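The values are calculated or read from the model by the stated rules, or taken from the named source; none is laboratory data. Being a predicted model, the structure only gives us computed values, none of them experimental. Neighbour counts are summed over all protein chains in view; Cβ atoms, including those assigned to glycine, are modelled from backbone coordinates with ideal geometry. Quick note on the areas: whole protein, heavy atoms, side chains included, nothing else; ligands and nucleic acids left out. Shrake-Rupley method; radii C 1.70, N 1.55, O 1.52, S 1.80 Å.
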Amino acid sequence: MKKKWFFYNSFYTVRRFLFVCLFFVSFLHLCKGESLFNYLEYKWSSVFTLPAWVSEKEKAVSASTGLKLSFRDVELRGYVTLPKTEFSDISSAEGISGKIELLNDFRYGAGLSLFKKTFPVTLKAGHNIYSKSVSKIRNPSPSTAANPLTKTFAFSTGNGASLPVLSSSVQPLSFSVNFSIPENLLAVPVSGDFFITEDHDSAASIAGKFEFSRFVYVQQSFCAGRFFIENQSSALKKNYADFSGDFFYSFLSETAFQSPVLKLHLYCGFQESPYESDSVWLKMEGRSVFKIFLVDFSYFFIPTSRYSPKAAPLIGASSSVCRIVEQASVNPQLVFLFDDKNSSLLRAGVCALENWKVTSTNVPVQLNTLKIRGALAFESRFFNLRFDFTDADRLLSGEPPVKSSRPDNYQCYSLSSLFSGENCKSSFSFFFYRYPPFYDSDVLKETFSSDVNLAFSKLNLSFKGGGEAVFKDREIYSASVNMGLNYAVKTSFFRSSLMVSFEMPVL
């Protein structure tokens, strides 16, 4: 017990020491004038919910506000949030101190960059957000989004440490270090990073790039971490797959090959399991290009799922259960270029995504579903127009054991446009969703929604508005409208963004 107490006490002592060092070094840089002031940024965003008088709901408001100070080598941020609170609760709060108590989700962070020209190092402390390789380790589940007109095909590794933003949720306090070794010091450029949180989660990664020619190269990255995993699913208890929370190790290898005609990304993940057998997951993403034709493809597979409890094929480092045991997708696209001064082009694409997923029911069953999405888009320098069609979560095989576990099959039709002028930018979108009945006792559900956005560059003002209506068996079930204004200011040393939005449920 004394050893455990000593470990925790030592960790907090080291963490406080790192925070103090970072802020102290930042302060010295500012005082000595070694870091020139860039700008100060203030942001404020609020949403007012104003139900119609026929509704029993009360009026409420939510808001977030904060400051960012940017210097040449130092960046400081701080944000706070007022959760959705009814007007009556605000008025009943006594005095200023009572209203301050309504605030929560305090988020702050500081970043410091050193030795930019020789040995770049970046230190960050606060409620940091981690992405890239860390996100894949925490939740290995592949994305089920199907974008038929995907443009980018990026390979992003490392911990992706970033300071909190206005809209981010509260994350554990953490400290991260990122560094890169220039080519003049090593034959191969290398970058690495490390982070540790107040919850004792930690991870480190290292990456290198091997160039064979100007357009052909291979990137390799390794990431390893130690995370606390606990059972957050009641379905595991019902399936006798419960376990005690503890720290488990994770590992991820990422490889990218790029050439003018083929891009290939390979992922191999290892996750120490709370069960008898550890878990392994594999993923491949690729893109092949030939003149006006390109095709994207991907495949995800958990080869160790047969050794794990059926209700838990894989548990990620965030304690999330990855229920997709296999997934494959293919996305062919055609791009037609026009010979005009507006750089116009026409894109057409279809994406088919098939997956095999285990239900979170008392008796786990594997369901095979299909999602198909097609799109046609015209793009130019000043005007864009796009049409999409989606048929999602169509059941191919398997029988849902209960009504709540059935795939929510729907069809969606959408139309969107964008116009960019010298002083104004406008966009419009319209969506229609249709949820056909799965059982004879189900009702037909349809949803209509639209959004309009206008931005005036000279006035630094933008407007957004929209509405939604839900019909069940052709009769209106609910409706709402929303609108908002955003005012942005940007000068040499000051930036500000003020946004006010209104949500008005009609039914």
Of the listed residues (SER298, SER288), the one being in a strand (DSSP E or B), in contact (Cβ under 8 Å) with a residue 24 or more places away in the chain and surrounded by fewer than 17 Cβ atoms within 10 Å (Cβ to Cβ) is SER288
Within the bounds of the range 402-418, is there any residue that is farther than 21 Å from ASN368 by Cα, open to solvent by less than 80 Å² (accessible area, probe 1.4 Å) and modelled with pLDDT under 95? no
Heads up, the helices (runs of 4 or more DSSP H) in the range 79-162 (entirely inside) with at least 1 residues that are of a type in the set (Lys, Arg) and closer than 30 Å to GLN219 by Cβ are 133-138
Taking the range 309-354 and keeping residues among the hydroxyl-bearing types (Ser, Thr, Tyr) and either in contact with a strand residue (DSSP E or B) (Cβ under 7 Å, 6 or more places away or on another chain) or surrounded by 16 or more Cβ atoms within 10 Å (Cβ to Cβ) (or both) leaves SER318, SER319, SER320, SER329, SER344
Just one listed residue, out of PHE23, PHE71, PHE27, PHE37, is open to solvent by less than 50 Å² (accessible area, probe 1.4 Å), modelled with pLDDT under 95, within 23 Å of VAL165 (Cα to Cα) and not basic (Lys, Arg), and it is PHE71
Only unsatisfied item for LEU149, checking (1) farther than 30 Å from ALA352 by Cα; (2) of a type in the set (A, V, I, L, M); (3) open to solvent by less than 40 Å² (accessible area, probe 1.4 Å), is (1)
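Quick grid of which residues meet (1) of a type outside the set (Val, Ile, Thr); (2) free of Cβ contacts under 8 Å to residues at least 12 places away in the same chain; (3) closer than 24 Å to THR255 by Cα; (4) in contact with a helix residue (DSSP H, G or I) (Cβ under 7 Å, 6 or more places away or on another chain):
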{"residue": "PHE119", "(1), (2), (3), (4)": "yes, no, no, no"}
{"residue": "VAL134", "(1), (2), (3), (4)": "no, no, yes, no"}
{"residue": "ARG138", "(1), (2), (3), (4)": "yes, no, yes, no"}
{"residue": "ASN147", "(1), (2), (3), (4)": "yes, no, yes, no"}
{"residue": "THR150", "(1), (2), (3), (4)": "no, no, yes, no"}
{"residue": "SER156", "(1), (2), (3), (4)": "yes, no, yes, no"}
{"residue": "ASN184", "(1), (2), (3), (4)": "yes, yes, yes, no"}
Checked LEU459, LEU454 against criteria (in a strand (DSSP E or B), under 30 Å from SER344 (Cα atoms) and either open to solvent by 80 Å² or more (accessible area, probe 1.4 Å) or among the aliphatic types (A, V, I, L, M) (or both)); the one match is LEU454
Answer yes if at least one residue in the range 328-343 is assigned to a loop (DSSP other than H, G, I, E, B), farther than 30 Å from CYS424 by Cβ and in contact (Cβ under 8 Å) with a residue 24 or more places away in the chain, and no otherwise. no
Condition set over 27 Å from the mean Cα position of the chain (by Cα) and either part of a strand (DSSP E or B) or modelled with pLDDT of 95 or more (or both), scope the range 367-385, selection farthest from SER427 (Cα to Cα): answer is PHE378
Checked the range 158-172 for anything surrounded by fewer than 18 Cβ atoms within 10 Å (Cβ to Cβ), of a type in the set (A, V, I, L, M) and under 10 Å from GLY109 (Cβ atoms); matches are VAL165
Considering residues that are under 25 Å from the mean Cα position of the chain (by Cα) and closer than 26 Å to PHE215 by Cα, the number found within the range 259-275 is 6
Of those in the range 105-121 that are touching a Ser or Thr at 6+ places or on another chain (Cβ under 9 Å) and surrounded by fewer than 19 Cβ atoms within 10 Å (Cβ to Cβ), the residue nearest to LEU376 (Cα to Cα) is ASP105
Considering the range 181-199, residues that are polar (S, T, N, Q) and under 29 Å from ARG226 (Cα atoms), and then whichever is surrounded by the most Cβ atoms within 10 Å (Cβ to Cβ), we arrive at THR197
